[in-house]
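Chemist: I am attaching a structure below and will ask some questions about it afterwards.
The values are calculated or read from the model by the stated rules, or taken from the named source; none is laboratory data. Just so it is clear, the model here is predicted, and its values are computed rather than measured. Counting neighbours? That spans all protein chains shown, and the Cβs are built from the backbone with ideal geometry, glycine included. Side chains are part of the model used for accessible areas, which takes the heavy atoms of the whole protein and leaves out ligands, DNA and RNA. Shrake-Rupley method; radii C 1.70, N 1.55, O 1.52, S 1.80 Å.
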Amino acid sequence: MDDFFLELQRLTGTVLHDRNSAIVFDEVQLYPPARQLIKHLVADGRYDYYETGSLISIRRNVRDILIPSEERSIEMHPMDFEEFLWALGDEMTMPFIRRHFEERKALGGSHDSVMRTFRKYMLVGGMPQAVSAFIEENSYRAVEEAKRDIISLYENDAEKIGRNAGSILRSIPSELSRHDKSFKPSDFRKNSSTRDYINAVHELAESKMALKCTCCTDPSVAQDLFLDENT
């Protein structure tokens, strides 16, 4: 262990401090044995460890490895408006909004300024790469390029699930432009049914690349009994 950490510090040019440094295994799905070996690093106790990677590939690339019991999964989401403000170096606006909300007071002369910032957030979104591009280049074009790169990575991951998943992911914008906001399998292949696509839809939802909204015919307490999976 001592030799390993000395070599790691030499290669990265970074000094590691006991109980005050973290090591990140980025794209850990590309080398599954590293995920298994983290068990021994955690037992060593000197540092903390983070693993990141594509959810689809992480779930699939587990053959022949032992998943460490020390692992704790954290579900990540895009940045919300408050986190977006933090990224811009603004730590005053959200407490200001929150106080006025709690006291049921209008924002007054600050309303236009706050809404202008909120509209920026709506355009940029909460993906860290897009927010970083906006801060560094102050350009919506750079933001769109970052988001297109993200979508391209999503599409590549979807293709690993199967041909249907990639088609579904690419079609979401056009499908949601419908009045009834529903997904119709026949749009992809004539005489096809929901059954042909249900597994791909499920995997897209599990990977968080898409959010699935299931039709419920009776919004009562026992909603699970009234879910319409065919819609």
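Chemist: Separation between the Val221 and Lys181 pseudo-spin-labels, each 7 Å from Cα along Cα→Cβ, expressed in nm?
Modeler: With each label point 7 Å from Cα toward Cβ, the separation is 2.8 nm.
Chemist: Compute a Gaussian network model of the chain, connecting alpha carbons closer than 10 Å, and tell me which residue from Arg35, Arg119, Arg98 fluctuates the most.
Modeler: Arg98
Chemist: Using only DSSP helix segments of four residues or longer, with each worth -39500 (n - 2.57), what per-residue ellipticity at 222 nm results for the chain after dividing by its residue count and rounding to 500?
Modeler: -15500 deg cm²/dmol
Chemist: Determine Rg/Rh for the stretch 61-127; Rg is computed over alpha-carbon atoms and Rh is the Kirkwood hydrodynamic estimate from the same atoms.
Modeler: Value, to two decimals: 1.27.
Chemist: Using heavy-atom solvent-accessible surface (probe 1.4 Å) with all chains present, what is the largest-first order of Arg189, Arg72?
Modeler: Arg72, Arg189
Chemist: Compute the Cα gyration tensor for the stretch 44-179, then decide on rounded, prolate or oblate, letting a ≥ b ≥ c be the square roots of its eigenvalues: rounded whenever a/c is under 1.5, prolate when a/b is larger than b/c in the other cases, and oblate in all that remain.
Modeler: oblate
Chemist: If you keep only loop residues by DSSP, which GluC sites (Glu not before Pro) in the stretch 83-139 have at most 15 other Cβ atoms within 10 Å of their Cβ?
Modeler: Glu91, Glu103
Chemist: Next up: Excluding same-chain residues fewer than 8 positions from Lys212, which lysines have a Cα within less than 19 Å of its Cα?
Modeler: Lys181, Lys184
Chemist: At q = 0.27, 0.29 Å⁻¹, what log₁₀ I(q)/I(0) does the stretch 153-203 have when each alpha carbon counts as one equal point scatterer in the Debye sum?
Modeler: -1.11, -1.20
Chemist: Could the peptides 4-12, 121-129 be put in order, highest first, of the mean number of other beta-carbon atoms found within 10 Å of their residues?
Modeler: The peptides rank, most packed first, as 121-129, 4-12.
Chemist: Considering the Cα positions of the chain, please state its Rg to one decimal place and its Dmax as a whole number of Å.
Modeler: 22.8, 63
Chemist: Here is a follow-up. Quick one: length gained pulling Arg170 to Ser192 fully straight, 0.36 nm per residue minus the C-alpha distance?
Modeler: Values: separation 22, 0.36 × 22 = 7.92 nm, distance 1.80 nm.
Taking Arg170 through Ser192 to full extension adds about 6.1 nm, to one decimal.
Chemist: Same structure, new question: Please work out whether the stretch 100-231 counts as rounded, prolate or oblate from its C-alpha gyration tensor, where a ≥ b ≥ c are the square roots of the eigenvalues and a/c under 1.5 means rounded, while otherwise a/b larger than b/c means prolate and anything else oblate?
Modeler: It comes out oblate by the Cα gyration axes.
Chemist: Would you please classify the overall shape of the stretch 95-174 from the alpha carbon gyration tensor, given that a ≥ b ≥ c denote the square roots of the eigenvalues, rounded means a/c under 1.5, and beyond that prolate means a/b larger than b/c while oblate covers the rest?
Modeler: Prolate, since a/c reaches 1.5 and a/b exceeds b/c.
Chemist: Which residue, Phe25, Phe134, Phe101, tops the fluctuation ranking in a GNM of the chain built on C-alpha contacts under 10 Å?
Modeler: Phe101
Chemist: Can you spot the lysines whose alpha carbon is less than 16 Å from Lys120's alpha carbon? Ignore those fewer than 8 places along the same chain.
Modeler: Lys147
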